[in-house]
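Everything below concerns the one structure shown next.
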Amino acid sequence: MSVLTDQIVIGPASHSHQSVRLLLRNPVAIAAITFLGIVTLVCIGAPVTAPFDPLHQDLERVLSGPTAHNLLGTDTLGRDVLSRLIYGGRRSLLSVLEGVVVVTALGVPMGLAAGYTGGWVDRVVGKFAETIMAVPALIIVLVVLAVLPQNEDAAMISFGLLGIPAILRVVRSATLRVREDLYVAAARVSGLNHVQIVKRHIFPHVWGPVIVQASLFAAYALLFETGIAYLGLTADPSTPTWGGMVAEASTVIQRQAWLLVPSGTLIAVTILAFGLLGDAIRDAVVIGEGGLARRAPTSVVTKPDRAGDIAEPLNGRSGLVLRVRDLWVSTTSSAAETPIVDRVGFDVYAGETLGIIGESGCGKSVTALAVLRLLPQGLGVTGGQVYWQGDDLLSMTERLFDELRGSSVAYVSQEPQSSLDPAFTVGSQLVELIRHHQRVSRRKAWSSAIALLRQVELQNPDQVARTYAHELSGGMAQRVAIAFALVGRPKLLIADEPTTALDVTVQAEILGLLRRLQRETGMALILITHNWGVIADICDRAVVMYAGQIVEKSGIREMFHKPLHPYTLGLLKSHPSLAEPRSRLSSIPGSVPSPGSWPPACRFSPRCRFVADECLKGPIPLIDVEPGHSSRCIRVDQIFAKASA
Amino acid sequence: MLRIVGNRLLLSVPLLLVVSTLTFLLEALIPGDVARTIVGPQGTQEQYLQLKHSLGLDQPLFTRYQQWLENVIHGDFGNSLFNHEPVTMLLNVRLSVTLSLVIGATLLAAIVGVLLGIAGALRADIAGTAVDALSMVGLAIPNFFLGLLLIALFAVAIPLFPATGYVPFDASPLDWARSLVLPVVVLATPGIAVVAKQTRDSMRAVLERPFIRTLRAAGLPRRSIIFKHALRSAAAPVVTVLGLIFVASLGGTVVVESVFAMPGLGGLAVQATTQHDLPLIQGVAVYFTALVVVVNLLIDLAYGWLDPRVRVE
C-alpha cells in the first residue's frame with residue numbers, strides 16, 4: 001500500500017510563512033485540520049468525553065441502531081458504539097503516530113545523507129529502498145506478528161520501517177536539487193561543517209515535502225492499522241478498536257447493517273482527512289515556492305478597432321489556395337484573453353512560396369497552427385476567417401476538417417526527430433497514413449511508402465523504412481517528416497522553420513528538396529523562418545511579423561531592395577550575409593515584447609530608431625504603400641528616403 | 001533486450017535470497033520465542049523444550065539457516081507447525097485463487113483506469129474532476145469496509161453475487177467468475193484511481209508533443225492518434241504504476257481474502273499468523289516475493305515493447 005505514495009514528487013519549500021498562510025486560506029485544509037484536531041482531542045480525553053464505559057454490556061439493548069440513549073447505536077453485546085469508537089481511536093491514533101515517527105526519524109536522515117553525500121552512500125541507500133519496495137509490506141508485518149502475537153507497537157514500527165523508501169526518495173531528490181545551488185556551494189567553501197550546512201541551508205528546503213509525505217503516510221498507516229485490527233491480529237476481541245468494530249459488524253451484516261456505518265465511515269473519513277491535508281500542504285508548498293511568480297500580470301490589451309488589415313484587392317491572379325483574414329488568436333486559459341496573433345491576413349496562390357519572417361515570439365508558428373487548427377491547449381482562435389477554396393476552415397466541423405488535413409494542407413515542423421512517433425518504425429507510420437488516405441492493401445502501401453522515401457531523396461529507402469526515429473540523423477528525420485506530409489498529396493504545405501535545427505549543408509539540401517517537390521507537384525508552400533537566406537532562396541513573396549501583427553508584406557524582390565518598415569530594415573541589416581561589407585553587424589536593440597505587454601500604439605516604437613510623437617498616438621494600420629506592398633508604419637516616407645540615402 | 005532480461009533475472013536471485021533470509025532471521029532477531037508462544041502460559045517446561053527441539057530451535061542459528069535455505073532451494077519450506085502438511089503443497093493448492101484475484105484486479109485497474117484517464121486528459125473539466133474525486137475516495141476507503149459494503153449491497157440486499165467463497169474454475173467457469181467479481185472490484189478500487197491519475201497526466205504530456213501534431217497534420221484520425229500513438233508513448237509510466245498496483249493488490253489479498261472467505265495465500269497468511277506457524281508464513285513471504293520478481297520482469301519486457309530505444313541500450 002505504501003508503495004503508491006512514492007509517485008508523488010514535489011518541489012522544495014523555502015517561503016515557509018507564505019506556505020502556511022496559503023494553507024490556512026484553503027478551506028479543505030482547514031476542514032481536514034479541524035476534523036483531525038477534534039478526533040484527536042476527543043479520543044485523548046476519552047474518560048471525560050465518552051458517554052459510557054466501552055466495555056459495559058447491556059443485553060437489553062443489543063444492536064439498537066441510533067437512539068437518543070446511544071447516539072450511534074449499540075453492538076452485539078449492547079455496548080455503546082460511540083464510546084467504543086472514542087476509546088478505540090486512542091490506539092489507532094497512537095499507532096499512526098508510531099508509524100509516522102519511525103518513518104520520518106529514519107527516512108529523513110537517510111534521504112539527506114543519500115542526496116547530500118551522493119556517491120556510494122547514495123547507491124547503497126538506493127539499493128536498500130529498491131529491495132524493500134519489492135517486498136509486500138503486509139506479509140513481513142505478519143511474520144513479526146506471528147512471533148510477537150498481538151503486539152501492535154511492533155507491527156507499527158515494522159510498518160514504519162517498510163515505509164522508509166517513499167519518504168527517503170522524496171527527501172533525496174529535494175536535497176539533490178538544493179545541493180548544487182550556489183549558496184550551498186559557497187557555504188561549503190566558507191568552511192561551515194556538513195551538519196551546519198544541512199541544518200541551515202538544506203533542511204529548510206526539505207521540510208515541506210517531508211510534511212506532505214508524513215501526512216500521506218499517516219493515511220496509509222491508519223489504513224494498515226485498521227486492516228490488521230480488522231483481521232483480529234492486534235487485540236483481543238473485547239478491546240475496542242476501529243478495525244475490530246468493523247469486523248464485529250461484519251458478523252451481523254444480515255441483521256443490522258447499520259453497525260458497519262459508524263466505524264467504517266469514521267475510518268474512511270479520517271484517512272481522507274490525512275490524505276486531503278497532505279495534498280493541501282503540497283499545493284501550498286508548491287505555490288509558496290514560486291507558483292505565484294508564474295501568475296503573470298494579465299494586462300488587458302485594449303482591442304484595437306476590428307477593421308483589420310485593409311482588404312487586399314482581389315487581383316487578376318487565379319489559383320487562390322488559402323485566404324486568411326483578420327485571424328485573431330488569444331490565450332483561453334486565463335480569465336482575461338491575451339492576444340497572441342492580432343488580425344493577420346494573407347493569401348497563398350497555387351504553386352507559389354510565401355515566406356513568413358520575424359524574430360521568435362512574434363506569432364509566426366501560432367498563425368500556422370491556427371490555420372491547421374492544431375493550436376496547443378490554452379490557445380484559441382478568437383476571430384477571423386481562414387478560407388480554403390471558398391470554405392471557412394475555422395467554422396468547419398472537426399470531422400470534415402479531419403478529412404482536409406493531410407490531403408489539402410500538410411505540415412512540417414522544426415524539430416525533425418521529435419516530430420516522429422518514437423514507438424513505431426518509419427515504415428509502419430507511413431503505411432498507416434497511406435492506408436488512411438488511399439485504402440490500399442498493406443503490401444501496396446509498403447511499396448508506396450518506399451517510393452515516397454525515395455522521392456524525398458533518402459539513400460536506402462528500404463532500410464530507412466525499418467528504422468525508428470531515434471536511429472535517424474536530423475536531416476534524414478526531416479526528409480521522413482516531409483514524406484509524411486506528402487502522403488495525402490497536399491495542395492499546400494506549411495513548413496515551420498524546417499531547416500533551423502539542421503547543419504548548414506543539410507539545410508541547403510532540404511530547401512533544394514522542397515523546391516524540387518514544389519515544382520513537381522505544383523503545391524503551394526508557406527515557409528516560416530527567421531533566416532533571410534531561406535527567404536531569398538525559395539520564396540516568391542514574404543510577410544514580416546512583429547508582436548502578433550503583420551508589419552510588412554510584399555514581393556521578395558521589393559522587400560530586399562526597398563524595405564518599407566523599420567523592423568524589416570533592422571532584420572535585414574542584422575543578417576550577416578546581407579549586411580554591407582565592413583559595416584558593423586547591427587542588431588535591433590531590445591527584444592520582442594511578450595503577448596500581453598504590447599505597446600498600445602506602434603508596437604515596434606520602443607525599439608525603433610525613427611520613432612516620433614505621431615507613432616505613439618494610437619494603433620497603426622497596415623497601409624498599401626505601393627501596389628502589392630504594404631507597411632504598418634506611418635513614417636514610411638521619411639524612412640524610405642533615409643534608407644535609400 | 002535479452003541482456004536486460006538476463007540482468008533482471010540475475011538481480012532477482014539476491015532479492016529472493018534477501019527476502020528469504022529476512023523472513024528467516026526475523027524470527028531470531030525479534031525479541032520473542034515461537035516455541036514459548038505456541039506452548040502458551042499453561043505449557044510445562046518439558047513441553048517447551050521438546051517443541052524447541054522438534055522445531056530445531058535448539059540448533060545454532062547459522063546451521064538452521066543453512067539447512068532451511070538448502071531445503072527452500074529444493075522447493076521444500078518444511079511442514080506446517082499446525083497440521084504438519086508440507087508447506088509447499090499447502091501453498092500450491094491456494095496459489096490459483098490468489099493469482100485469479102490479483103491478476104483480475106490489476107487488469108480491471110488497468111482497463112478502467114486507462115479509460116478514465118484518457119477521458120480526463122481529453123475533457124479536463126468534467127472527467128478530470130471526476131478522476132480527482134474518485135482517486136481520493138478510492139484511496140481512502142479501507143478495503144475491508146468497501147468489501148463489506150459491497151456484500152451488504154450486492155449480495156445481501158440485491159443478491160447478484162455470492163457474499164463469500166470461491167468456486168474453482170474447473171467446477172463452473174460462470175460461478176468462478178461470479179465469485180471473483182466483488183473481491184476483484186474491492187482489490188482494484190485504489191488501483192483504478194492511481195492508474196487514472198497517472199494515465200491522465202501522462203496522456204496530457206504526450207498530446208502536447210510534436211509528433212502528435214505531425215500525425216494530426218498528416219490527416220490521421222483522432223481515434224488512431226489517441227489509442228494507438230499517444231497511448232503507446234504515454235504507457236511507460238502507467239505500466240510502472242501497474243507493477244506497484246500488482247504488489248499492493250498482493251498485500252491487499254491478505255485482508256480481502258479474509259473478508260470474502262477466499263481460500264488463497266493471503267487468507268492462509270492470516271491463519272498462519274494467528275497460529276504462529278512460522279514455516280508457513282515464511283513460505284507465503286517467499287512466494288509473494290517471487291511473484292513480485294516475475295511481475296517486474298514482465299514490466300521490463302513491456303518497456304522494451306513500448307519504447308524501441310530501450311531495446312538497444
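Only the coordinates and a few stated rules stand behind these numbers; no lab work does. Model, not experiment: these values are computed from the prediction. Every residue, glycine among them, receives a Cβ derived from its backbone with ideal geometry; neighbour counts consider all protein chains shown.
Take each residue of peptide A:225-237, count the partner chain Cβ atoms within 10 Å of its Cβ, and average: the result is 4. Between segment A:350-428 and segment B:58-121, what is the separation of their alpha carbon centroids in Å? Each part reduced to its Cα centre gives a spacing of 54 Å. In this label model, A:SER594 and B:PHE169 are separated by 5.8 nm, measuring between points 7 Å along each Cα→Cβ vector. Considering helices alone, the calculated mean residue ellipticity of chain B at 222 nm is -25000 deg cm²/dmol, with DSSP H runs of length four and up weighted by -39500 (n - 2.57) and normalised per residue.
Expressed as an acute angle from 0 to 90° and rounded to the nearest 10, what is the orientation of the C-alpha long axis of helix A:442-455 relative to the principal long axis of chain A? Between the helix axis and the principal axis of chain A, the angle is about 50 degrees. The mean of 1/r over all distinct Cα pairs in the protein assembly as shown, once inverted, gives the Kirkwood hydrodynamic radius of 32.8 Å. Listing A:THR353, B:THR98, A:THR239 from fewest to most neighbouring C-beta atoms within 10 Å gives A:THR239, A:THR353, B:THR98. For a label point 7 Å from the Cα of A:GLN389 along Cα→C-beta, name the residues of segment A:333-368 whose backbone N is under 15 Å from it. Within reach of a label on A:GLN389: A:349-351. Among A:THR104, A:THR521, sorting on how many other beta-carbon atoms sit within 10 Å of each Cβ, with the fewest leading, yields A:THR521, A:THR104.
Between A:ARG515 and A:SER360, the FRET efficiency from the beta-carbon distance, with R0 = 30 Å, is close to 0.75. Per-peptide packing, taken as the mean over residues of other Cβ atoms within 10 Å, places A:397-407, A:320-330 in the sequence A:320-330, A:397-407 from highest down. For the segment B:143-156, counting C-beta atoms of other chains within 10 Å of every residue's C-beta and taking the mean gives 5. Between A:ALA612 and A:SER574, the simple spin-label model (points 7 angstrom out along Cα→Cβ) gives 2.5 nm.
Subtracting the Cα-Cα distance of A:VAL62 and A:THR76 from their residue separation scaled by 0.36 nm leaves 4.5 nm.
A simple rule links phi to the HN-Hα coupling: the Karplus curve 6.51 cos²θ - 1.76 cosθ + 1.60 with θ = phi - 60°, which for segment A:598-603 gives 5, x, x, 8, 5, 6 Hz, with x for Gly and Pro. Looking at chain A alone, DSSP beta bridges between its own residues are antiparallel in about 60 percent of cases. Rounded to the nearest 0.05, the FRET efficiency derived from the C-beta distance between A:LEU176 and B:ASP132 at R0 = 45 Å is 0.95. Using the average count of surrounding beta-carbon atoms within 10 Å as a protection proxy, the listed peptides B:67-73, B:19-25 rank, highest first, as B:19-25, B:67-73. Using 0.36 nm per residue and subtracting the Cα-Cα separation, the extra length available between A:VAL20 and A:GLU457 on full extension is 151.1 nm. Only lysines eight or more places from B:LYS228 in sequence, or on another chain, were considered; those with a Cα closer than 30 Å are A:LYS444, A:LYS491, B:LYS197. Averaging the sequence gap over all C-alpha pairs within less than 8 Å and six or more residues apart, then dividing by the number of residues, gives chain A a relative contact order of 12 percent.
Relative to the dominant Cα principal axis of chain A, helix A:164-179 is inclined by about 40°. Each peptide in A:121-133, B:236-248 gets a packing score, the mean of other Cβ atoms within 10 Å over its residues, and the list from highest to lowest is B:236-248, A:121-133.
Take the Cβ atoms of B:VAL18 and B:LYS228, set R0 to 30 Å, and the FRET efficiency comes out at 0.15. With a cut-off of 13 Å on the backbone N, the residues of segment B:222-265 near the modelled label site 7 Å out from B:LEU99 along Cα-Cβ are B:265. No disulfide-compatible partner, judged by a Cβ distance under 4.7 Å, exists for the following cysteines of the protein assembly as shown: A:CYS43, A:CYS362, A:CYS539, A:CYS608, A:CYS633.
Converting phi to 3J(HN,Hα) with the Karplus coefficients 6.51, -1.76 and 1.60 and the offset θ = phi - 60°, segment B:146-158 yields 4, x, 5, 4, 5, 4, 4, 7, 9, 10, 8, 5, 10 Hz in sequence order, with x at every glycine or proline. Taking the helices alone, chain A has a mean residue ellipticity at 222 nm of -15000 deg cm²/dmol, built from -39,500 (n - 2.57) per DSSP H run of at least 4 residues and averaged over all its residues. Per-residue mean of foreign Cβ neighbours for B:247-257 is 5 (Cβ atoms of other chains, 10 Å radius).
Summing Lys and Arg as +1 and Asp and Glu as -1 over all other residues whose Cβ lies under 14 Å from the Cβ of A:SER95 gives a net charge of -2. Based on C-alpha pairs under 8 angstrom that are at least 6 apart in sequence, segment B:164-293 has a relative contact order of 26 percent. A full extension of the chain between B:THR274 and B:THR37 corresponds to an added length of 84.2 nm, given 0.36 nm per residue minus the alpha carbon distance. From least to most packed, judged by other beta carbons within 10 angstrom and beginning with the fewest, A:TYR546, A:TYR116, A:TYR387 follow the order A:TYR387, A:TYR116, A:TYR546.
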